[in-house]
Amino acid sequence: MSLSENSEFNGPFQEFEREHWKGLNGDFSYRFTAGDLEYLSALNEPLNISEIEDIYFPLAHYLSILIQQHREAHSTVNRFLNQDTAHLPFILGIAGSVAVGKSTTARVLQKVLSMLPGKPKVDLVTTDGFLYPNDTLINRGILNRKGFPESYDAKLLLQFLAAMKTGVCEFQIPVYSHLEYDILKNEVQTIAQPDILIVEGINVLQVSPTKENTVFVSDYFDYSIYVDAAEKDIIDWYIKRFESLRATSFQNKSSYFHRYADMSQPESNRMATTIWNEINGPNLHQNILPTRYRAGLILQKGSNHFIEKVKVRKV
């Protein structure tokens, strides 16, 4: 059975309208500053205090319950096995289409979760860092499939997650530059024993077994979130973001996309539409959208980029 984007399938999910969801938070509150909002906001993705208070405070409260359960289970199992192993990070996966706003969701959650009682250490990793370098993609003839499953070093990503779940003190992972559109050769991100680890990327809920690999990224997740929206809205956001980038970062001569800098707005819109139709759209339908109902929670956005509904898997 396949599920189309327009399917009314709710399966094992409870659906909460925004007004209902925001009333579920009982005790999580924090005063955000203009500086906080500026840091957390992304290009062409509106973010305001109401979105944080109505959506992310209750979500942080909900996740705090799951995190506490995770810690209690670890302690209980330790006692049963007569062991005294250190606690392992709670790993949260965040998936969704290109341009849907999952990076903003990840940053906001990193901020609000770090304010939970005890001030846990929350690290954020994006799977962009696990893309193969452009030289490798070119040699394999798949540079135009960047973002598709085969463009990622899945083995390294799985090694990293396994290390986190076995208590490795620290692990260095590659860093990706959107300006250079490539992995940075002399830069790494060091992840050292976080209490909570957020892993964000379009591919984190995908399952594509091969003879060499029957373990999936999501096998290491303690919980997962899918950021969702109607495709027509995502396309509109992608085109607008492309135009904004053309007028800003693409103007930088170091940018991989500097060749687009002198385009007119109509030319920019046509180019963005072509890229969507040839790369991002097919990837969404073939590899990303089919994973939506594997998530524990779905954030459903409206055309204004704000979340209208929250769907929570029944427990």
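Per-residue 3J(HN,Hα) values for region 171-176, derived from phi via the Karplus relation 6.51 cos²θ - 1.76 cosθ + 1.60 with θ = phi - 60°, read 8, 9, 10, x, 10, 9 Hz in sequence order (x marks Gly and Pro). 3J(HN,Hα) along region 180-185: 8, 6, 7, 6, 7, 6 Hz, from the Karplus curve 6.51 cos²θ - 1.76 cosθ + 1.60 with θ = phi - 60°, whole Hz, x for Gly and Pro. Annotation: extensible slack from Val188 through Asp135 equals 17.3 nm (criterion: 0.36 nm per residue apart, minus Cα-Cα distance).
Across the options Leu37, Ser50, Val227, the greatest Cα extent toward the positive end of the charge dipole of the chain (unit charges at beta carbon of Lys, Arg, Asp, Glu) belongs to Val227. Cross-link pairs exceeding 19 Å in C-alpha to C-alpha distance, out of Lys22/Lys121; Lys240/Lys311; Lys22/Lys311, comprise Lys22/Lys121; Lys240/Lys311. Sequence-distant contacts, meaning Cα pairs under 8 Å at least 6 residues apart, place the relative contact order of the chain at 25 percent. The length gained on full extension between Asn277 and Asp236, counted as 0.36 nm times the residue separation minus their Cα-Cα distance, comes to 13.5 nm. With the simple spin-label model, which puts each label point 7 Å out from Cα in the Cβ direction, the Asp84 to His20 separation comes to 4.8 nm. In terms of other Cβ atoms within 10 Å, Thr105, Thr136, Thr190 run from fewest to most in the order Thr190, Thr136, Thr105.
Backbone geometry of region 281-293 corresponds, through the Karplus equation with coefficients 6.51, -1.76 and 1.60 at θ = phi - 60°, to 3J(HN,Hα) couplings of x, x, 5, 4, 6, 7, 10, 9, 4, x, 8, 3, 7 Hz, x marking Gly and Pro.
Inter-part distance, region 143-193 to region 263-315, computed on C-alpha centroids, equals 23 Å.
Compared with the dominant principal axis of the Cα atoms in the chain, helix 154-164 is inclined by about 30°. Recomputing mean projected area of the Cα convex hull in nm² from the coordinates shown identifies the correct label among (1) 13.7; (2) 20.3; (3) 18.0 as (3).
All of the numbers you see were taken from the coordinates with simple rules; none came from a lab. This one's a predicted model, so the numbers in the text were calculated from it and none came from an experiment. Positions of Cβ are generated from backbone atoms using ideal geometry, with glycine treated the same way; all protein chains shown enter the neighbour counts.
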